[in-house]
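To keep things clear, I will list the structure first and then write my remarks on it.
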Amino acid sequence: MSVFVKSKTGSHTACRRNLIIASLIVVVLVCSCLLVYVFVIDNGGEVHVKNEVELVRAIDAVKIGESAVIVLDNDILCAVHITIPSHKDITLTSNGNNQFKLVGGAKTFSAIRVELSGVLVIDGICVTHVEGVSSNGVQNFGTFTMHSGEISGHFGASGVSNDGVFTMTGGKITNNSCYTSGGGVYNGGTFTMTGGEITGNKATNSGGGVANYGTFNWTGGDIFDNTANTDANVYYEP
């Protein structure tokens, strides 16, 4: 009597082949998405982001020496500060006519930190902090330009702490409160103001609006209704 034994080798081989094909398809799709994502940023196109992870990835994807416009599609809460690395040029703006918020949530960390030789442009977003968290709005060691939008709601530190080059052409720096000097702006670098408003800020010591320890070129814009023990609106180091 003969016994017939069905071989499973063929079916196992087919299964392995199908798994390999499926894996390759997934890899190709992922790589394709990444290539398109980087391609858009490399060519200076607008990249839309909806959360902290997407924002960080968008900044990371910009090549050294290149620029990108990153558009906030809604308010974004950040667990740590957003860093603008050296030799990257980043513009942060809002979708449409909205003024979406970039909200810092980490104590002692600035909402945004611009590193040496980094470039940041704010045009139409609000940089703020979770209530009760002590930190700066923007800490700049590179080049920072504010065209429009708002920097507000920072307590225990300045709205802008500048040790680089800061230019303000528009927008508003308001409702910031510092334990020392420079509620709105603490300037240890070069600050040029041609437009916008610095108002409603507080400092325990001096310079509720601006505390200047560097070079302050003020040719336009308004600084008013700030409070401090001395030199409520603008303090100039003797």
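The values are calculated or read from the model by the stated rules, or taken from the named source; none is laboratory data. What you see is a predicted model; the values in this text were computed from it and never measured. All Cβ positions, glycine included, derive from the backbone under ideal geometry; neighbour counts span all protein chains shown. Just so you know, the surface numbers come from the protein's heavy atoms only, side chains and all, with ligands and any DNA or RNA stripped out. Shrake-Rupley method; radii C 1.70, N 1.55, O 1.52, S 1.80 Å.
Ratio of Rg to Rh for the range 92-238: 0.93 [Cα atoms; Kirkwood radius as inverse mean 1/r over pairs]. With a simple spin-label model that places each label point 7 Å from the Cα along the Cα-to-Cβ direction, the separation between Thr227 and Asp73 comes to 4.2 nm. Residues Glu237, Glu197, sorted by accessible area with the largest first, give Glu237, Glu197 [1.4 Å probe; ligands and nucleic acids excluded].
Based on the reciprocal of the average 1/r between different C-alpha atoms, the Kirkwood radius for the range 188-238 equals 10.8 Å.
For the range 153-209, the convex hull spanned by the alpha carbon atoms encloses 61 Å³ per residue. Rolling a 1.4 Å probe across all protein chains gives Val119 an accessible area of roughly 40 Å².
The distance between label points at Tyr179 and Asp60 comes to 3.3 nm (points 7 Å beyond Cα on the Cα→Cβ vector).
When the Debye formula is applied to the Cα atoms of the range 71-120, each taken as the same point scatterer, what base-10 log of I(q)/I(0) results at q = 0.17, 0.23, 0.29 Å⁻¹? For the range 71-120, the Cα-only Debye profile gives -0.56, -0.90, -1.06.
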